[in-house]
1. If we scan segment 71-88, do we find a residue that is more than 18 Å from Pro44 (Cα to Cα), among the charged types (D, E, K, R) and in contact with a strand residue (DSSP E or B) (Cβ under 9 Å, 6 or more places away or on another chain)?
2. Are any residues in segment 201-216 free of Cβ contacts under 8 Å to residues at least 60 places away in the same chain, closer than 17 Å to Leu10 by Cβ and among the charged types (D, E, K, R), and if so, which ones?
3. Filter segment 44-71 for residues that are of a type in the set (S, T, N, Q), farther than 23 Å from Val122 by Cβ and in a loop (DSSP other than H, G, I, E, B) and give the result.
4. Taking Asp131, is it over 25 Å from Leu163 (Cβ atoms), surrounded by 11 or more Cβ atoms within 10 Å (Cβ to Cβ) and without any contact (Cβ under 8 Å) to a residue 60 or more places away in the chain?
5. What residue, of Lys88, Lys53, Lys2, is modelled with pLDDT under 95 and either of a type in the set (Lys, Arg) or more than 30 Å from Asn115 (Cβ to Cβ) (or both)?
6. Starting from residues that are among the polar types (S, T, N, Q) and more than 16 Å from the chain's Cα centre (by Cα), keep the ones in segment 120-156 and report whichever is nearest to Glu8 (Cα to Cα).
7. Report yes if Lys179 is among the basic types (Lys, Arg), surrounded by 12 or more Cβ atoms within 10 Å (Cβ to Cβ) and without any contact (Cβ under 8 Å) to a residue 60 or more places away in the chain, otherwise no.
8. I need the full set of residues from segment 1-44 which are exposed (fewer than 14 other Cβ atoms within 10 Å of the Cβ), within 20 Å of the chain's Cα centre (by Cα) and without any contact (Cβ under 8 Å) to a residue 60 or more places away in the chain, in order please.
Amino acid sequence: MKTIAPEELLTQLNWRYATKQFDAQRKISPQTWAALEESLVLTPSSFGLQPWKFLVVTDPAVREQLVPVSWGQRQVADASHLVVFAVKRNFGEADIDAYLNRIVTVRGATRDSLNGYRDMMVGNLVNNRDDAGRKNWATNQTYIALGNFLTSAALLGVDACPLEGIEPAKYDEILGLEKQGLTTVVAAAAGYRAVTDKYASAKKVRFQKSEVLVEV
C-alpha cells in the first residue's frame, strides 16, 4: 500500500479553502473527475447502508437556474463540476434488503447468514425511529461523504466549495428529485480557483489545537 508523507497531507489541507470564485474556463480532467466520483462511492456510512444519491449536474442552463436559489453564489454555475448530495425520502426495509443483496453479490454470503444483521438494522432504523429520525440519520451520513469529497479533491489539487447556503426545496423542484424519492441536503462545487479570488491567499482562521483537541 502506497502512503503519502504527513507533511504532504498537511500541505494540501492548508492549501485548500472554500473557493469563492472559480475559473469557468478550467475544467477537471475526466481521469481526475472519475477518481473524485469513486471517492464518493467509497465513502463510509452507518451500517454501510449508503442512504444517498450524488447528483452531478452537468447542464449549464440548469446550473444557472440553481444560482438564485443558492444565495446568488456563482460557484454553482462557474465551477467545473457541481455535486448535489441528496438522501432517500422514505428509507426503509426495502433499502436494507437491497444492501444485504449487494453483500451477497460482492462477498458471496448467504441471505440466511445475514438475518441477524437485518434484524438489528430494521430494529434500529425502522422500528425505533420515525420519518424525521431516519431523515436526520441519513442527512448526517451525507456530511461524511461531503468531507470525504473535499479532502479527496484537495489531495488531487482540485479546488472545492461546500454549499449549505442553498434552498433544498427549490433544488428538489428544479432537479425533479421528489419524483425520484430524494431530497437535497447540501451541494459542493469543484474546479480551479480564479486568480481574482482574494480568499485564496487569506490566512486560515482556526482555533489553537489546544482549544479543540482534548485528551481524556
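1. Within segment 71-88, one or more residues are more than 18 Å from Pro44 (Cα to Cα), among the charged types (D, E, K, R) and in contact with a strand residue (DSSP E or B) (Cβ under 9 Å, 6 or more places away or on another chain).
2. Scanning segment 201-216 gives Lys203, Arg206, Lys209.
3. Narrowing segment 44-71 to residues of a type in the set (S, T, N, Q): 45-46, 50, 58, 65, 70.
Keeping just the survivors that are farther than 23 Å from Val122 by Cβ gives 58, 65, 70.
Once the filter is applied, which keeps residues that are of a type in the set (S, T, N, Q), farther than 23 Å from Val122 by Cβ and in a loop (DSSP other than H, G, I, E, B), segment 44-71 yields only Thr58.
4. yes
5. Being modelled with pLDDT under 95 and either of a type in the set (Lys, Arg) or more than 30 Å from Asn115 (Cβ to Cβ) (or both) holds for just one of Lys88, Lys53, Lys2, which is Lys2.
6. Step by step, filter segment 120-156, then rank; the result is Asn124.
7. No.
8. Matches in segment 1-44: Ser29, Pro30, Gln31, Ala34, Glu38, Val41.
The values are calculated or read from the model by the stated rules, or taken from the named source; none is laboratory data. Nothing here was measured: the structure is a model prediction, and the numbers come from that model. Don't worry about glycine lacking a Cβ; one is built from the backbone with ideal geometry, like all the others, and counts go over all protein chains shown.
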